[in-house]
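Let me begin by presenting the structure, written as structure tokens, before commenting on it.
What follows draws every value from the coordinates through simple rules; no lab data is involved. Note that this is a predicted model, so its numbers are computed, not measured. Cβ sites come from the backbone with ideal geometry, for glycine too, and all protein chains shown count toward neighbours.
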Amino acid sequence: DYSALAGLVISIKEYRDKLNQYYEENRNLILSGRHSASIAHDIRSLNIGVAGFLNLVLNRLGETQEGTIPKVDKRGLIMARDNSRQIENLLKNFSMFNRSELIIYRDTDLVKVVRDKLNSLKSRVDYERKFNFDLDVPQGDSGLLVDADWFSTVIENLVKNSIEACEKNCHISVKIIKTCTKVVLTFEDNSGGIPADLLPHIFNPFVSSKKRGQGLGLANARKVVEDQEGEISVKNKEGRGAVFTIEFPLSP
């Protein structure tokens with residue numbers, strides 16, 4: 001019943017829009033943390049069920065013969081799944097923001113985490129056509145261990161930020177440099193840069209240059225970096241875009 005599937009697609013989009021509206025109308029409540037954890041947990045539980053159903057349907061559609069499923073319906077389901085992923089990302093950022101302290105396990109070299117996450121994002125349907133990247137890293141390891149799970153969220157938030165800031169043809173240049181005293185990760189895009197009035201505040205919660213942005217992604221990126229004894233900064237490169245720099249000291 002394709003009409004039912006179309007209704008599901010519309011419902012998920014409305015659900016995402018209402019979640020965005022909730023954030024806008026309840027910033028002070030969110031900042032105070034009242035009831036926020038339980039609300040996020042309930043929404044995430046519902047969203048997991050929706051995402052699981054959509055993946056199941058899409059997997060089954062992929063097994064059918066070409067031409068038996070109208071393309072418009074499959075595109076609609078993919079769009080619904082992507083909206084569900086956006087909801088999950090919002091909730092993940094929200095949950096991370098409300099944690100007073102992250103539990104860090106520095107178990108994976110920085111080079112592997114960055115390379116694996118970029119390749120993973122590039123293989124996803126909701127990201128694959130939205131950006132390209134080049135990666136310049138030292139041969140072998142960087143000598144710096146980071147928490148793979150948490151630092152992967154930093155990479156995804158930086159990629160997402162660049163994609164949303166670019167009008168089209170988003171290109172990201174990522175470089176890791178190792179010196180005797182530190183490891184430096186630079187992340188440069190061609191977005192045109194961050195507005196000058198927002199630049200000093202861009203890592204603050206709820207600061208965003210995007211109309212529908214929640215302003216939690218970069219705030220959480222800073223939290224993850226600082227909880228692993230690093231520093232993150234950003235500047236605009238004339239004629240290019242934003243350049244994020246993450247520095248970690250190396251133990252003597």
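Please order Asp136, Asp141, Asp109 by the number of other Cβ within 10 Å, starting at the fewest. Don't jump to the answer; show the numbers that get you there.
Numbers: Asp136 10, Asp141 14, Asp109 19.
Fewest-to-most Cβ neighbours within 10 Å comes out as Asp136, Asp141, Asp109.
Quick one: which of 174-184, 154-164 comes out on top by average Cβ neighbours within 10 Å, and what's the full order, highest first? Working shown, then result.
Values: 174-184: 15.0, 154-164: 22.0.
My ranking of the peptides, most packed first, is 154-164, 174-184.
How do 218-225, 202-209 rank on mean C-beta neighbours within 10 Å, highest first?
Details: 218-225: 22.9, 202-209: 17.5.
In descending order of packing, they fall as 218-225, 202-209.
Number of Lys-Lys pairs in segment 108-249 under 13 Å by Cα, sequence gap 8 or more or different chains? Working shown, then result.
On the way: Lys112/Lys175; Lys117/Lys160; Lys122/Lys130; Lys122/Lys160; Lys130/Lys160; Lys130/Lys168; Lys160/Lys210.
Pairs that pass both the separation and distance tests number 7.
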